[in-house]
Amino acid sequence: MKILVLNGPNLNMLGIREPGIYGSETYRDLLEKIAAHAQTRGVSVDFFQSNHEGALVDRIQEAYGNTDGIVINPGAYTHTSIALLDAVKAVGIPTVEVHISNVARREPFRSVSYIRAACVGSIIGHGTDGYLEAMDLLIERSHEK
Ligand code: DQA
């Protein structure tokens, strides 16, 4: 099984950006944690981070036909991007949305998620462990089929 882990804008700043909200783990720490988890689960994992909406759309399209699941934290594009919603719908790859912080308990604009409508699950407010939970959800789902 091959899982693509996508991160949107400012997630490359993990560990530096608002540590009170997003914690002190860096983006590199996150990738290492996900890679280690993937190994224990026997799945392969690809990573992509961009601050650009179109680059994220391109990467989702590139996953078509070669990827079994997507874990995506779209960052602020969660709350604005119909293009990301459409990209996930277009490729039809099971996708789980992740948010490190509890977006439901922050500013009201963070409660809106466009991409959620195309996702098989959402893991919200579990810190970076949410990425691992999202992977497990995709793996379990693939075993059900
Ligand atoms: C985030 C929440 C978003 O509102 C924010 O814009 C982010 C990160 C999270 O992981 O909690 O960049 O997706």
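When you look at His143, is it open to solvent by 50 Å² or more (accessible area, probe 1.4 Å), more than 11 Å from the chain's Cα centre (by Cα), within 23 Å of Tyr27 (Cα to Cα) and free of Cβ contacts under 8 Å to residues at least 40 places away in the same chain, yes or no?
Numbers: open to solvent by 50 Å² or more (accessible area, probe 1.4 Å): yes; more than 11 Å from the chain's Cα centre (by Cα): yes; within 23 Å of Tyr27 (Cα to Cα): no; free of Cβ contacts under 8 Å to residues at least 40 places away in the same chain: yes.
No.
Which of (1) more than 15 Å from the ligand (Cβ to nearest atom); (2) in contact with a Lys or Arg (Cβ under 9 Å, 6 or more places away or on another chain); (3) not aromatic (Phe, Trp, Tyr) is the odd one out, the single condition Gly92 does not satisfy?
Looking at each condition in turn, Gly92 falls short on (2).
Determine whether segment 127-138 contains at least one residue that is assigned to a loop (DSSP other than H, G, I, E, B), in contact with a strand residue (DSSP E or B) (Cβ under 7 Å, 6 or more places away or on another chain), in contact (Cβ under 8 Å) with a residue 60 or more places away in the chain and open to solvent by less than 60 Å² (accessible area, probe 1.4 Å). First the steps, then the outcome.
Going residue by residue through segment 127-138, those that are assigned to a loop (DSSP other than H, G, I, E, B) are 127-128.
Still in the running and in contact with a strand residue (DSSP E or B) (Cβ under 7 Å, 6 or more places away or on another chain): none.
For segment 127-138, residues assigned to a loop (DSSP other than H, G, I, E, B), in contact with a strand residue (DSSP E or B) (Cβ under 7 Å, 6 or more places away or on another chain), in contact (Cβ under 8 Å) with a residue 60 or more places away in the chain and open to solvent by less than 60 Å² (accessible area, probe 1.4 Å): absent.
Which residues, taken from segment 95-119, are surrounded by 16 or more Cβ atoms within 10 Å (Cβ to Cβ) and either part of a loop (DSSP other than H, G, I, E, B) or within 8 Å of the ligand (Cβ to nearest atom) (or both)?
The answer is Val98, His99, Ile100, Ser101, Val103, Arg110, Ser113, Tyr114, Cys119.
Taking segment 120-140, which residues are touching a Pro at 6+ places or on another chain (Cβ under 6 Å) and either among the charged types (D, E, K, R) or within 10 Å of the ligand (Cβ to nearest atom) (or both)?
Matches in segment 120-140: none.
Restricting to segment 71-89, what's the tally of residues that are within 11 Å of the ligand (Cβ to nearest atom) and in a strand (DSSP E or B)?
The qualifying residues number 2.
Can you tell me how many residues within segment 113-137 are of a type outside the set (Asp, Glu) and farther than 27 Å from Tyr64 by Cβ?
4
Residues that are part of a loop (DSSP other than H, G, I, E, B), more than 16 Å from the ligand (Cβ to nearest atom) and either over 15 Å from the mean Cα position of the chain (by Cα) or in contact (Cβ under 8 Å) with a residue 60 or more places away in the chain (or both): does segment 39-59 have at least one?
Yes, because at least one residue in segment 39-59 is part of a loop (DSSP other than H, G, I, E, B), more than 16 Å from the ligand (Cβ to nearest atom) and either over 15 Å from the mean Cα position of the chain (by Cα) or in contact (Cβ under 8 Å) with a residue 60 or more places away in the chain (or both).
Filtering segment 1-38 down to residues that are more than 16 Å from the ligand (Cβ to nearest atom) and touching a residue at least 24 places away in the same chain (Cβ under 8 Å), which residue is surrounded by the fewest Cβ atoms within 10 Å (Cβ to Cβ)? Even if it seems obvious, please write down each step before you answer.
As a first pass, look at segment 1-38 and keep what is more than 16 Å from the ligand (Cβ to nearest atom): 1-4, 28, 32, 35-38.
Next cut, touching a residue at least 24 places away in the same chain (Cβ under 8 Å) only: 1-4, 37-38.
Working: Met1: 16, Lys2: 13, Ile3: 27, Leu4: 22, His37: 17, Ala38: 20.
Ranking the qualifying residues of segment 1-38, first place goes to Lys2.
Pairs, please: C-beta under 8 Å, at least 6 apart or cross-chain, first residue at pLDDT below 95 and in segment 81-97, second open to solvent by 60 Å² or more (accessible area, probe 1.4 Å)?
Listed pairs, sorted by first residue: none to list.
The values are calculated or read from the model by the stated rules, or taken from the named source; none is laboratory data. Quantities reported herein were computed from a predicted structural model and do not represent experimental measurements. All Cβ positions, glycine included, derive from the backbone under ideal geometry; neighbour counts span all protein chains shown. We work out accessible area using only protein heavy atoms, side chains counted, and drop any ligands, DNA or RNA first. Shrake-Rupley method; radii C 1.70, N 1.55, O 1.52, S 1.80 Å.
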